[in-house]
Amino acid sequence: MKKNVLISGGTGFVGKHLTALLLKRGYSVSILTRKVQANQKDVFYYQWDVAQQTIDEKAVAKADYIVHLAGENIAEKRWTAKRKAAIIESREQSTVLLYSVIKKQNKKLEAFVSASAIGIYGAVDGPEICTEDMPPANDFLGYTCQKWEDSLDFIENRNIRTVKIRTGLVLGKGDGFLSKLAPLFKYRLGAIIGSGKQYMPWIHIDDLCEMYAMALENNEMQGAYNAAVQDDTNNSIFSKTLACVYRYSIWLPAVPEFVIKLAMGEMSKIVLTGRRVSSQKIEAAGFRFQFKNLEGALRNCLIK
């Protein structure tokens, strides 16, 4: 029998790429979704509704591992009070729902691997390199990620190996962060944002999925790991490199901070601030990045 990996958020950008990798590795994959879909070869769909706290419990019963990716997109809408609550609740309540079935079934998973984010270190600037043992920041991003990770304690307390992948900006083909940014640069309308000094820790989608696979298979991995290349990429470097990939030099002036703040409100912090993060812990565990050079990663994602 093939080992089965249950993925929440499996129909999203990361989930689709991770599913493809796991199938190549010889796993079967189950995906939690709100809409009924037809099963495919070694891919099985099960319904759940986090808001209603309902789930097809057969999905958990079948699973050897769970990869938890579900959660509202933090950059999709302006951060109203209602939106902030929805962002936090989507992460907490989805974990609560999975935990309730794990507890009910007394399920002995081999591992529970959850997404988290480097936002736990806060929407601030600074040269300090953030490591996994730093405390969460005292702002909305830090609080959200802390609540997200704290919700996993119940699962960890059941003696299930639990891994938290603190993800940076994910670069990939056809979707994700680059899908919104690349068209502007392709038509030579790209520009530096604000001061350009804000750091942009990034990771290629292939490396991120390999990291998830490693977290499933490496029994020594436990706790939080930063998922981003450790370099000094800031918005200025990122923007100039992206323009270089499209074979031109940026000619437009930097977009002033006040324009971004007017357009995005409080959410502007996610593009106007950024911190450096350490990749030492994941590399010490044996992980090797395939893409550590930004230009090479962008060319892989954008040039056919």
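For the reader, a short list of remarks on this structure follows.
- Heavy-atom surface analysis with a 1.4 Å probe gives segment 1-64 a carbon and sulfur content of 52 percent of its accessible area.
- Of the GluC sites (Glu not before Pro) found in segment 96-195, those in coil by DSSP whose Cβ has at most 13 other Cβ atoms within 10 Å are E128.
- CD proxy at 222 nm, helix term only [per DSSP H run n ≥ 4: -39500 (n - 2.57); per residue of the chain; nearest 500]: -11000 deg cm²/dmol
- Extension gain (nm, one decimal) between V36 and R188, 0.36 nm per residue minus Cα-Cα: 50.6 nm
- In the chain, the ratio of gyration radius to Kirkwood radius, Rg to Rh, stands at 0.96 when only Cα atoms are counted.
- Stretching A285 away from E128 to a fully extended chain increases their span by 54.3 nm, per 0.36 nm per residue minus the current alpha-carbon distance.
- DSSP-defined beta bridges in the chain - what % are antiparallel, rounded to 5: 10 percent
- What a 1.4 Å probe finds exposed on segment 115-189 is 55% carbon and sulfur by accessible area, rounded to a whole percent.
- Whole-percent carbon and sulfur share, accessible surface of segment 197-304, 1.4 Å: 52 percent
- Accessible surface, the chain, averaged per residue in Å² (probe 1.4 Å): 48 Å²
- Candidate lysines - alpha carbon under 16 Å from K108, same-chain residues fewer than 8 apart omitted: K3, K58, K62
- Proximal aspartates and glutamates to K77, defined as alpha-carbon separation beneath 15 angstrom and excluding residues fewer than eight positions away on the same chain: E266
- The chain: most fluctuating residue of R25, R188, R83 per GNM, C-alpha cutoff 10 Å: R25
- Debye, to nearest 20: dipole size of the chain, +1 on Lys, Arg Cβ, -1 on Asp, Glu Cβ: 940 debye
The values are calculated or read from the model by the stated rules, or taken from the named source; none is laboratory data. As the structure is a computational prediction, the values presented were derived from the model and not from experiment. No Cβ is skipped: glycine too gets one built from the backbone with ideal geometry, and neighbour counts run over all protein chains shown. Just so you know, the surface numbers come from the protein's heavy atoms only, side chains and all, with ligands and any DNA or RNA stripped out. Shrake-Rupley method; radii C 1.70, N 1.55, O 1.52, S 1.80 Å.
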